[in-house]
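Visitor: Would you mind keeping the following structure in view while I ask a few things?
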Amino acid sequence: MIPFNKPFLTGSETKYIEEAVQSGKLSGNGVFTQKCQKFFEEKYGMKKCLLTTSCTDALEMCAMLIDAGPGDEIIIPSYTFVSTALAFVRQGAKIIFADSESGNPNLDASKLEALITPKTKAIVVVHYAGIACDMDAVMALAKEHNLVVIEDAAQAIDSFHNGKALGSIGHLAAFSFHETKNIIAGEGGLLAINDEKYIDRSEVIWEKGTNRASFFRGEVNKYGWVDTGSSFLPSEVIAAFLYAQLENLDAIQAKRKSIWNRYREGLNMLEAQGKIKLPVVPEFATNNAHMFFIVCGSLEERSGLIKYLKERDLHAVFHYISLHKSEFYAKGNAVPELPNSDFFTDHLLRLPFYYELAEADQDRIITAINEFYANA
Ligand SMILES: *Cc1c(COP(=O)(O)O)cnc(C)c1O
């Protein structure tokens with residue numbers, strides 16, 4: 001069976017974990033945590049980064065930092081993972097779902113203004129497949145209406161918008177190191193803070209509502225409970241694993257890009273024949289090879305293709321079910337019409353994608369897809 005995903009190990013993970021264990025400091029915010037945070041701050045230009053136990057946690061920190069609560073509206077794409085919405089729902093805020101573009105799962109920035117009301121507090125963008133949303137349009141709109149922009153950059157490590165790293169553009173951003181992402185730690189995440197006004201409070205929320213971080217820097221002489229918060233820090237064991245991955249980022253990215261390009265070349269003909277659509281990378285965006293997806297002609301066709309591939313031991317999977325149609329949301333809310341989000345729910349198919357995917361195996365997948373459409 002060629003799986004959909006297979007976590008890649010660089011080989012230094014256990015060595016660094018051993019170092020962390022030998023150092024005798026295993027709780028969070030130690031040497032490896034700081035190395036990982038510095039890596040992002042220096043390479044991508046974020047003002048401050050804090051490691052978290054997941055991207056979900058980093059998004060929850062964002063919701064706490066902007067004081068999202070009852071009476072606030074948060075605009076979120078419907079075609080995304082549950083966590084993007086859940087972080088704000090937990091705070092009592094109301095979610096307003098935005099539709100995708102017609103040819104791209106990312107939210108359609110040109111339709112955002114119609115969703116803004118006096119209650120709108122923030123826009124959360126998701127860079128689907130690591131390909132940037134139209135951030136110039138989003139940031140301009142946010143500035144005009146005095147809104148916070150939060151980037152769900154879970155899939156967007158090492159990807160750029162007009163030369164600026166994704167996760168460094170919005171006021172706040174969240175990354176994921178779940179084992180299905182480009183850079184992994186099993187479970188893990190990172191909060192990036194680009195608007196300085198959030199920095200001090202983010203450290204407090206990160207450390208269970210205490211001013212522990214400034215106490216250890218000698219800025220205050222007592223350490224105590226000063227705000228809301230939770231235990232958002234991962235242990236040094238996680239950070240050590242993650243650092244081994246970050247050190248190998250360039251090699252991992254180069255390999256993933258070659259896999260991505262091989263899919264593109266192998267499936268180009270089907271797109272030229274109008275049978276499927278392939279990912280679009282806008283001029284302002286780069287491709288970080290997080291994912292390779294195809295857009296099928298219909299739901300039945302996609303189901304047929306999944307089955308055809310499965311019979312050949314090839315595991316391709318669809319992705320999000322529009323959140324506005326979810327059981328949880330539909331229970332308490334009027335369900336809006338978001339045709340493009342529903343379109344990607346029914347038509348998008350993700351192909352096996354992982355560092356160790358052998359060329360011969362990849363060619364089997366490409367051949368099978370071409371055969372399926374030749375016989376269709
Ligand atoms: C993976 C993912 C998340 C959740 O990340 P975790 O680290 O598992 O919490 C959130 N949003 C998007 C868009 C994702 O792809």
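The values are calculated or read from the model by the stated rules, or taken from the named source; none is laboratory data. Everything quoted here is computed from the prediction, not taken from an experiment. In this analysis, Cβ positions are derived from the backbone assuming ideal geometry, glycine residues included, and neighbour counts consider all displayed protein chains.
Visitor: Of the residues Lys277, Lys307, which single one is loosely packed, with under 15 Cβ neighbours inside 10 Å and more than 26 Å from Phe175 (Cα to Cα)? Can you show your working first?
Guide: Values: Lys277 fails: loosely packed, with under 15 Cβ neighbours inside 10 Å.
Going through Lys277, Lys307 in turn, just one is loosely packed, with under 15 Cβ neighbours inside 10 Å and more than 26 Å from Phe175 (Cα to Cα): Lys307.
Visitor: Taking only pairs six or more apart or across chains, which ones have beta-carbon atoms under 7 Å, a first residue in segment 311-334 that is under 19 Å from Phe88 (Cα atoms) and surrounded by 15 or more Cβ atoms within 10 Å (Cβ to Cβ), and a second residue that is among the hydrophobic types (A, V, I, L, M, F, W, C) and modelled with pLDDT under 95?
Guide: That search, which allows pairs on different chains as well, returns His324/Val335; Lys325/Val335.
Visitor: What single numbered condition from (1) modelled with pLDDT under 95; (2) among the hydroxyl-bearing types (Ser, Thr, Tyr); (3) within 24 Å of Leu242 (Cβ to Cβ) fails to hold for Tyr223?
Guide: The failed condition is (3).
Visitor: Given the structure, is Gly163 of a type in the set (Gly, Ala, Ser), away from the ligand (no atom under 11 Å from the Cβ) and free of Cβ contacts under 8 Å to residues at least 12 places away in the same chain? Spell out how you get there, then give the answer.
Guide: Details: of a type in the set (Gly, Ala, Ser): yes; away from the ligand (no atom under 11 Å from the Cβ): yes; free of Cβ contacts under 8 Å to residues at least 12 places away in the same chain: yes.
For Gly163, the condition - of a type in the set (Gly, Ala, Ser), away from the ligand (no atom under 11 Å from the Cβ) and free of Cβ contacts under 8 Å to residues at least 12 places away in the same chain - is met.
Visitor: Return the total of residues in segment 284-309 being in a loop (DSSP other than H, G, I, E, B) and not aromatic (Phe, Trp, Tyr). I'd like the intermediate steps shown before the answer.
Guide: Taking segment 284-309 first, the residues in a loop (DSSP other than H, G, I, E, B) are 284, 286-292, 296-298.
Pick out the ones that are also not aromatic (Phe, Trp, Tyr) and you get 286-291, 296-298.
Number of matching residues: 9.
Visitor: So, Gly188, is that one closer than 30 Å to Phe8 by Cα and away from the ligand (no atom under 16 Å from the Cβ) or not?
Guide: Working: closer than 30 Å to Phe8 by Cα: yes; away from the ligand (no atom under 16 Å from the Cβ): no.
Judged against the criteria, Gly188 is not a match.
Visitor: Specify the residue that is surrounded by the most Cβ atoms within 10 Å (Cβ to Cβ); the eligible residues are those in segment 99-125 that are hydrophobic (A, V, I, L, M, F, W, C) and either within 12 Å of Phe344 (Cβ to Cβ) or more than 17 Å from the chain's Cα centre (by Cα) (or both).
Guide: Restricting to residues being hydrophobic (A, V, I, L, M, F, W, C) and either within 12 Å of Phe344 (Cβ to Cβ) or more than 17 Å from the chain's Cα centre (by Cα) (or both), the top hit is Leu107.
Visitor: For segment 232-253, state whether one or more residues are surrounded by 17 or more Cβ atoms within 10 Å (Cβ to Cβ), closer than 27 Å to Glu19 by Cα and among the charged types (D, E, K, R).
Guide: Yes - at least one qualifying residue is present in segment 232-253.
Visitor: Where the second residue is crowded, with 17+ Cβ neighbours inside 10 Å and of a type in the set (Val, Ile, Thr) and the first is in contact (Cβ under 8 Å) with a residue 12 or more places away in the chain and lies in segment 33-49, which pairs have Cβ atoms under 6 Å and are six or more apart or on separate chains?
Guide: Note: pairs meeting the criteria are Lys47/Ile193; Lys48/Ile193.
Visitor: Looking at (1) within 21 Å of Ala156 (Cα to Cα); (2) away from the ligand (no atom under 12 Å from the Cβ); (3) among the aliphatic types (A, V, I, L, M), can you tell me which one Val125 breaks?
Guide: (2)
Visitor: Let me ask something else about it. Wholly within segment 127-233, which strands (runs of 3 or more DSSP E) include no fewer than the required count, namely at least 1 residues that are basic (Lys, Arg), under 17 Å from the mean Cα position of the chain (by Cα) and in the same structural domain as Leu115 (by TED's automatic domain parsing)? It would help to see each step written out before you state the result.
Guide: On the way: elements: 148-152, 172-176, 189-193.
Qualifying strands (runs of 3 or more DSSP E): none found.
Visitor: Let me ask you something else. Could you look through segment 128-159, keep only residues that are small (Gly, Ala, Ser) and surrounded by 19 or more Cβ atoms within 10 Å (Cβ to Cβ), and pick out the one that is nearest to the ligand (Cβ to nearest atom)? Lay out the reasoning, then the answer.
Guide: From segment 128-159, those small (Gly, Ala, Ser) are 129-130, 132, 137, 140, 142, 153-154, 156, 159; that's our starting set.
With surrounded by 19 or more Cβ atoms within 10 Å (Cβ to Cβ) added as a condition, the list becomes 129-130, 132, 142, 153-154, 156, 159.
Numbers: Ala129: 9, Gly130: 9, Ala132: 13, Ala142: 19, Ala153: 8, Ala154: 3, Ala156: 9, Ser159: 13 Å.
It comes out as Ala154.
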